[in-house]
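What follows is a single structure, written as structure tokens, with notes after it.
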Amino acid sequence: MSGVREEWCSGWGRWQARLALLLALPVLLTGAYGTNYVFLAAPTPHRCHVPECEENSTIGVASPDQWTPEWSQWAIPDGAQCERRVSIYSACAHRDHFDNTTVACENYVYEHGSSIVAEFDLACADWMQRLVGTVHNVGMLISLPIMGFVSDRYGRRGALVISGFGAGVVGLIKSFVPSYYTYLAAELFETILGASVYPCAFVLMIEWLGVEHRILASLVLGIPLSLGAASLSLLDYATGYWRTWARWAYPPSLLLLIYPWLLPESVRWLVSRGRLDEAIAIIKKAAKCNRINLPSDALEKIMLEKEQMAEKGVADIDEGLFRALLKYSALRRRLCVCFVWWMSAVFVFYGLAVAAHSLAGSRHANYALVAAAELPALLANTLLLDRIGRRPLFTAALLLTASALIGISCLPQSSGNWSIALFLIGKMGATMTLNALYVYTAELFPTRARQRLLAACSTLGRIGAIISPLTPALATYKWWLPTALFGTLPLVSAVLTRLVPDTLHRRLPDSFADLDTSSDVVQDSV
């Protein structure tokens with residue numbers, strides 16, 4: 001009976017391949033939307049408008065001749081973007097027409113108008129630029145519980161369609177907003193709707209593959225996610241203007257309206273809601289697609305067993321989780337360690353995406369390379385996690401991230417290609433860390449509370465995402481401070497790995513009692 005159950009639900013076949021292809025579109029799109037503020041709200045070179053030297057028509061985006069006129073070398077201090085010198089004779093033809101007194105800019109001239117910075121005149125309001133990324137990540141924090149409820153109540157497929165389609169609609173609306181604050185509001189609502197596309201897709205994939213195939217699901221969905229992030233850079237380069245980018249990037253989300261007729265619902269969710277007839281019908285379709293013969297009476301018996309187990313499991317979790325946190329020190333220790341891991345890993349992962357703009361060379365090429373660095377990381381995890389173990393690989397990924405990013409801080413500021421190479425190695429390590437963390441965290445907690453505690457860790461990790469867009473401000477003090485911070489946090493996480501056991505080839509804990517401190521010691525010593 002269990003063998004039959006594994007064949008229709010937990011293996012890889014044509015049905016699961018079809019599911020992966022259908023999920024590739026929304027996941028690719030969420031990869032493009034996930035950090036679009038990196039380009040849409042990117043810092044834009046600017047200088048003061050000097051009324052003694054130029055007409056008011058130059059306020060805003062300048063032509064190449066207007067951007068660097070000859071008089072700018074003595075009217076504007078070297079490297080200054082927010083102040084100018086005062087003209088003595090209301091003239092600007094010669095250096096002697098200006099004294100050394102400086103005043104703040106009244107108006108600004110921008111080198112280009114690709115981002116919202118020029119359009120909404122955010123020149124020296126750095127905090128307003130960074131606030132876009134922070135608001136985006138606050139939306140992610142809000143999205144998880146809301147869309148988690150939708151997923152549990154209305155189904156994985158319904159949550160994915162609402163999330164992806166809603167993000168597309170709000171994203172299109174965002175391309176027409178008239179002001180900075182309406183842009184912020186659109187950014188928030190887009191993220192609240194769209195940030196749960198990947199979690200919904202991941203859960204749906206897992207529930208058709210089985211929990212033991214988490215690594216495979218991470219690879220299958222991680223590839224389109226990385227390609228989506230790379231396409232963000234390429235599309236921004238091709239369009240050159242944030243409104244045009246949005247009007248090209250968001251319309252494909254409207255295709256998700258046909259997904260209720262294409263994408264199969266999770267059988268496990270249907271059973272948990274008592275919709276056994278629908279679950280059996282989908283299982284028969286999957287079995288036919290995978291060329292497996294299933295007896296009807298066996299299907300009905302399996303469904304009834306699963307329904308009873310689901311009802312009993314929910315009741316046990318609701319009754320015992322809070323009490324277990326008070327009773328078992330091993331549970332508290334693992335949860336606290338995972339909280340630190342998730343905050344650190346998410347902070348570094350998203351922080352590196354934001355920091356890619358500070359690298360030498362083309363910002364579009366650099367961001368595409370940073371996104372592409374995720375692919376070898378996903379492949380390495382798929383090949384190694386089941387061979388060398390969760391804790392050894394997780395620790396190695398943390399140390400790789402730390403050594404690469406701290407290494408950047410030790411190089412001269414003008415290191416160029418060496419800095420880019422170390423940055424890409426750091427991003428690869430950060431991706432390996434976050435990808436392995438999904439698997440490792442899930443296996444550290446007992447079956448009866450695994451999903452709830454994994455969600456709690458992931459939610460807390462979003463605090464790291466909220467803070468990460470603010471880190472470039474540290475570079476105003478020392479250029480190497482952001483990367484030094486990104487490199488130090490993985491070291492702390494690596495030390496904490498000694499407080500929890502490896503889970504490779506270990507029986508996963510089923511109850512809270514299995515997390516007794518002595519069991520950790522035994523597992524570590526094996």
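Which helices (runs of 4 or more DSSP H) does region 224-296 wholly contain that include 1 or more residues that are within 24 Å of residue 44 (Cα to Cα)?
Numbers: elements: 242-249, 259-262, 267-272, 276-289.
Fully inside region 224-296 and qualifying: 242-249.
Tally time: how many residues in region 173-194 are under 18 Å from residue 28 (Cβ atoms) and either open to solvent by 20 Å² or more (accessible area, probe 1.4 Å) or outside any helix (DSSP H, G or I) (or both)?
Quick first cut of region 173-194, residues under 18 Å from residue 28 (Cβ atoms) only: 190-191, 193-194.
Cutting the leftovers down to either open to solvent by 20 Å² or more (accessible area, probe 1.4 Å) or outside any helix (DSSP H, G or I) (or both) gives us 193.
Result for region 173-194: 1.
Specify which of the listed residues (26, 43) is surrounded by fewer than 21 Cβ atoms within 10 Å (Cβ to Cβ) and either of a type outside the set (Phe, Trp, Tyr) or at pLDDT below 90 (or both).
Working: 26 fails: surrounded by fewer than 21 Cβ atoms within 10 Å (Cβ to Cβ).
When all the criteria are applied, what remains is 43.
Among the listed residues 170, 117, identify the single one that is of a type in the set (A, V, I, L, M), touching a strand residue (DSSP E or B) at 6+ places or on another chain (Cβ under 8 Å), assigned to a helix (DSSP H, G or I) and modelled with pLDDT of 90 or more.
Details: 170 fails: touching a strand residue (DSSP E or B) at 6+ places or on another chain (Cβ under 8 Å).
Matching residue, one of 170, 117: 117.
Within region 195-204, is there a residue that is open to solvent by less than 40 Å² (accessible area, probe 1.4 Å), in a helix (DSSP H, G or I) and more than 21 Å from residue 265 (Cα to Cα)?
Looking for residues that are open to solvent by less than 40 Å² (accessible area, probe 1.4 Å), in a helix (DSSP H, G or I) and more than 21 Å from residue 265 (Cα to Cα), one finds none in region 195-204, hence no.
Is it the case, given these coordinates, that residue 453 is more than 21 Å from residue 213 (Cβ to Cβ) and part of a helix (DSSP H, G or I)?
Values: more than 21 Å from residue 213 (Cβ to Cβ): no; part of a helix (DSSP H, G or I): yes.
Judged against the criteria, residue 453 is not a match.
Kindly indicate which of 393, 352 is touching a Lys or Arg at 6+ places or on another chain (Cβ under 7 Å) and part of a helix (DSSP H, G or I).
Values: 393 fails: touching a Lys or Arg at 6+ places or on another chain (Cβ under 7 Å).
Only one candidate passes the filter, namely 352.
Residue 185 - would you say it is of a type in the set (Gly, Ala, Ser) and free of Cβ contacts under 8 Å to residues at least 60 places away in the same chain? First the steps, then the outcome.
Details: of a type in the set (Gly, Ala, Ser): yes; free of Cβ contacts under 8 Å to residues at least 60 places away in the same chain: yes.
Here the answer is yes, as residue 185 does meet what is asked.
Within the set of pairs 6+ apart or on separate chains, which have a first residue in region 466-490 that is part of a helix (DSSP H, G or I), a second that is of a type in the set (Phe, Trp, Tyr) and open to solvent by less than 50 Å² (accessible area, probe 1.4 Å), and C-beta atoms under 7 Å apart?
Between residues of region 466-490 that are part of a helix (DSSP H, G or I) and residues that are of a type in the set (Phe, Trp, Tyr) and open to solvent by less than 50 Å² (accessible area, probe 1.4 Å), the close pairs are 467/347; 468/347; 468/350; 489/347.
Looking for something in contact with a Cys (Cβ under 7 Å, 6 or more places away or on another chain), closer than 21 Å to residue 62 by Cβ and open to solvent by 20 Å² or more (accessible area, probe 1.4 Å) - is there at least one such residue anywhere in region 126-136? Steps first, please.
Our first condition is that a residue be in contact with a Cys (Cβ under 7 Å, 6 or more places away or on another chain); within region 126-136, this holds for none.
No, the conditions are met nowhere in region 126-136.
Regarding residue 165, is this residue touching a residue at least 24 places away in the same chain (Cβ under 8 Å) and either in contact with a Leu (Cβ under 8 Å, 6 or more places away or on another chain) or buried (at least 20 other Cβ atoms within 10 Å of the Cβ) (or both)? Break it down stepwise before answering.
Values: touching a residue at least 24 places away in the same chain (Cβ under 8 Å): yes; either in contact with a Leu (Cβ under 8 Å, 6 or more places away or on another chain) or buried (at least 20 other Cβ atoms within 10 Å of the Cβ) (or both): yes.
Spelling it out, residue 165 is indeed touching a residue at least 24 places away in the same chain (Cβ under 8 Å) and either in contact with a Leu (Cβ under 8 Å, 6 or more places away or on another chain) or buried (at least 20 other Cβ atoms within 10 Å of the Cβ) (or both).
Could you list, in sequence order, all residues of region 259-301 that are under 16 Å from residue 155 (Cβ atoms), modelled with pLDDT of 85 or more and open to solvent by 90 Å² or more (accessible area, probe 1.4 Å)?
Answer for region 259-301, where residues must be under 16 Å from residue 155 (Cβ atoms), modelled with pLDDT of 85 or more and open to solvent by 90 Å² or more (accessible area, probe 1.4 Å): just 261.
Any residue at all in region 86-104 that's in a helix (DSSP H, G or I) and at pLDDT 85 or above?
Residues of region 86-104 that are in a helix (DSSP H, G or I), as a first pass: 95-97.
Cutting the leftovers down to at pLDDT 85 or above gives us none.
No: zero hits.
Report the residue count in region 408-429 for those that are within 18 Å of residue 492 (Cβ to Cβ) and modelled with pLDDT of 85 or more.
Restricting attention to region 408-429, the residues satisfying the condition of being within 18 Å of residue 492 (Cβ to Cβ) are 409, 426, 429.
Now restrict to residues that are modelled with pLDDT of 85 or more: 426, 429.
Count: 2.
Residues checked against (1) modelled with pLDDT under 75; (2) under 29 Å from residue 409 (Cα atoms); (3) buried (at least 19 other Cβ atoms within 10 Å of the Cβ):
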site: 465; (1), (2), (3): no, yes, yes
site: 478; (1), (2), (3): yes, yes, no
site: 483; (1), (2), (3): no, yes, yes
site: 496; (1), (2), (3): no, yes, no
site: 501; (1), (2), (3): no, no, yes
site: 508; (1), (2), (3): yes, no, no
site: 521; (1), (2), (3): yes, no, no
site: 525; (1), (2), (3): yes, no, no
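Determine, yes or no, whether residue 439 is open to solvent by less than 40 Å² (accessible area, probe 1.4 Å), among the aliphatic types (A, V, I, L, M) and out of contact with any Asp or Glu (no Cβ under 6 Å at 6 or more places or on another chain). Explain how you work it out, then say what you get.
On the way: open to solvent by less than 40 Å² (accessible area, probe 1.4 Å): yes; among the aliphatic types (A, V, I, L, M): yes; out of contact with any Asp or Glu (no Cβ under 6 Å at 6 or more places or on another chain): yes.
Yes: the conditions hold for residue 439.
Please find, within region 46-63, the residue that is most open to solvent (accessible area, probe 1.4 Å) out of those that are out of contact with any Phe, Trp or Tyr (no Cβ under 8 Å at 6 or more places or on another chain) and of a type outside the set (D, E, K, R). Give the steps one after another, and end with the answer.
Going through region 46-63, the residues out of contact with any Phe, Trp or Tyr (no Cβ under 8 Å at 6 or more places or on another chain) turn out to be 51-52, 54-58, 63.
Still in the list and also of a type outside the set (D, E, K, R): 51, 56-58, 63.
Working: 51: 70, 56: 114, 57: 95, 58: 10, 63: 47 Å².
The selected residue is 56.
Inside region 242-257, can you point out the residues that are open to solvent by 50 Å² or more (accessible area, probe 1.4 Å) and in contact with a Ser or Thr (Cβ under 7 Å, 6 or more places away or on another chain)?
If the condition is that a residue be open to solvent by 50 Å² or more (accessible area, probe 1.4 Å) and in contact with a Ser or Thr (Cβ under 7 Å, 6 or more places away or on another chain), then 247, 248 are the ones that fit.
Read through the list (1) outside any helix (DSSP H, G or I); (2) touching a Lys or Arg at 6+ places or on another chain (Cβ under 9 Å), then give the number of the only condition that residue 412 fails.
Looking at each condition in turn, residue 412 falls short on (2).
Condition (residue is among the aromatic types (Phe, Trp, Tyr), open to solvent by 20 Å² or more (accessible area, probe 1.4 Å) and farther than 30 Å from residue 193 by Cβ) applied to region 104-115: is it met by at least one residue? Give the steps one after another, and end with the answer.
The initial filter retains those residues of region 104-115 that are among the aromatic types (Phe, Trp, Tyr), namely 108, 110.
Still in the running and open to solvent by 20 Å² or more (accessible area, probe 1.4 Å): 108.
Still in the running and farther than 30 Å from residue 193 by Cβ: 108.
Yes, region 104-115 contains at least one residue that is among the aromatic types (Phe, Trp, Tyr), open to solvent by 20 Å² or more (accessible area, probe 1.4 Å) and farther than 30 Å from residue 193 by Cβ.
The values are calculated or read from the model by the stated rules, or taken from the named source; none is laboratory data. Note that this is a predicted model, so its numbers are computed, not measured. All Cβ positions, glycine included, derive from the backbone under ideal geometry; neighbour counts span all protein chains shown. For accessibility, only protein heavy atoms count, side chains too; no ligands or nucleic acids. Shrake-Rupley method; radii C 1.70, N 1.55, O 1.52, S 1.80 Å.
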